[in-house]
1. Among the residues of the range 58-81, which ones are more than 19 Å from the chain's Cα centre (by Cα) and among the charged types (D, E, K, R)?
2. How many of the residues making up the range 17-42 are crowded, with 16+ Cβ neighbours inside 10 Å and assigned to a helix (DSSP H, G or I)?
3. For Glu104, are the conditions met, namely being modelled with pLDDT of 80 or more, out of contact with any Ser or Thr (no Cβ under 8 Å at 6 or more places or on another chain), of a type in the set (Asp, Glu) and within 28 Å of Glu10 (Cβ to Cβ)?
4. What is the number of the single condition among (1) of a type in the set (Asp, Glu); (2) more than 30 Å from Glu176 (Cα to Cα); (3) touching a residue at least 24 places away in the same chain (Cβ under 8 Å) that Glu65 does not meet?
5. Give the residues of the range 49-80 that are charged (D, E, K, R) and either in a helix (DSSP H, G or I) or touching a helix residue (DSSP H, G or I) at 6+ places or on another chain (Cβ under 8 Å) (or both), sorted by residue number.
6. If you take the residues of the range 33-57 that are over 19 Å from Pro9 (Cβ atoms) and free of Cβ contacts under 8 Å to residues at least 12 places away in the same chain, which of them is nearest to the chain's Cα centre (by Cα)?
7. Quick one: in the range 43-57, which of the residues that are closer than 22 Å to Gly68 by Cβ and not basic (Lys, Arg) is surrounded by the most Cβ atoms within 10 Å (Cβ to Cβ)?
Amino acid sequence: MGAPSSYLPEYCERLIEHARGGGSFESFAASIGRSSRTLYNWLEAYPDFLQARERGLDLLRAYYEDMGKAIATGQLQRVKSERPVLDKRGRPVLDPKTGQVLIEREFETVPGNASAYIWLTRNMLGWRNEVDLTLRLPAAGSPRPEDDGLTPKERFREIADAMRVVQELQQEIEEEGDVIDVSPAKPA
């Protein structure tokens, strides 16, 4: 029998709160001193932990979407300066509940940056500007599939439509400054 698990039920809520603040599943593992492999094993062993991860992923996506929108539209603010709040005598004012010194912060707006938004959506949320397209054509000289019920005209139209999609995708890729190699694959 294996060693007892270091899993604690409280990790569910802690994982959700970690994700709410923008933390990834893997960084949560580091924050509790465990490997990400251990946490992936817990997903299989503890249904509540799996549900917490799913909830956390939803919160993480919302966090990065909101952050990305704020960056792209110039609504993100950062602390420009901070100083303790002082009373009339120049002494720091304490928070009556916590006893800590109250801090006054001055904020400034971060200029909008669309490229940062694109980076966030592609890297943190896994969004892609890709389309999976599979086009199966008979090899040159091979018999045509007669059992598909298509007339030659219908088959031609299907191929022409697929070629249009490929051309549109290639144009989008080139507009982004990327290059796509469409040369035939070399035989092995």
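1. If the condition is that a residue be more than 19 Å from the chain's Cα centre (by Cα) and among the charged types (D, E, K, R), then Arg78, Lys80 are the ones that fit.
2. Total meeting the criteria: 7.
3. On the way: modelled with pLDDT of 80 or more: yes; out of contact with any Ser or Thr (no Cβ under 8 Å at 6 or more places or on another chain): yes; of a type in the set (Asp, Glu): yes; within 28 Å of Glu10 (Cβ to Cβ): no.
The answer is no for Glu104.
4. (2)
5. Going residue by residue through the range 49-80, those that are charged (D, E, K, R) are 53-55, 58, 61, 65-66, 69, 78, 80.
Matches in the range 49-80: Arg53, Glu54, Arg55, Asp58, Arg61, Glu65, Asp66, Lys69.
6. At the first step, the residues of the range 33-57 found to be over 19 Å from Pro9 (Cβ atoms) are 35-37, 57.
Checking which are free of Cβ contacts under 8 Å to residues at least 12 places away in the same chain leaves us with 35-37.
On the way: Ser35: 21, Ser36: 18, Arg37: 20 Å.
Filtering first and then ranking leaves Ser36.
7. Residue satisfying both the conditions and the ranking: Gly56.
Yes/no matrix, rows are residues, columns are (1) closer than 30 Å to Ala162 by Cα; (2) at pLDDT below 95; (3) touching a Leu at 6+ places or on another chain (Cβ under 9 Å):
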site	(1), (2), (3)
Ser24	no, yes, yes
Arg55	no, no, yes
Ile71	no, yes, yes
Gly74	no, yes, no
Asp95	no, yes, yes
Met124	no, yes, yes
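The values are calculated or read from the model by the stated rules, or taken from the named source; none is laboratory data. The shown structure was predicted, so the numbers you read here are calculated from the model rather than taken from an experiment. Heads up, the Cβs are rebuilt from the backbone with ideal geometry, glycines too, and the neighbour counts pull from every protein chain shown.
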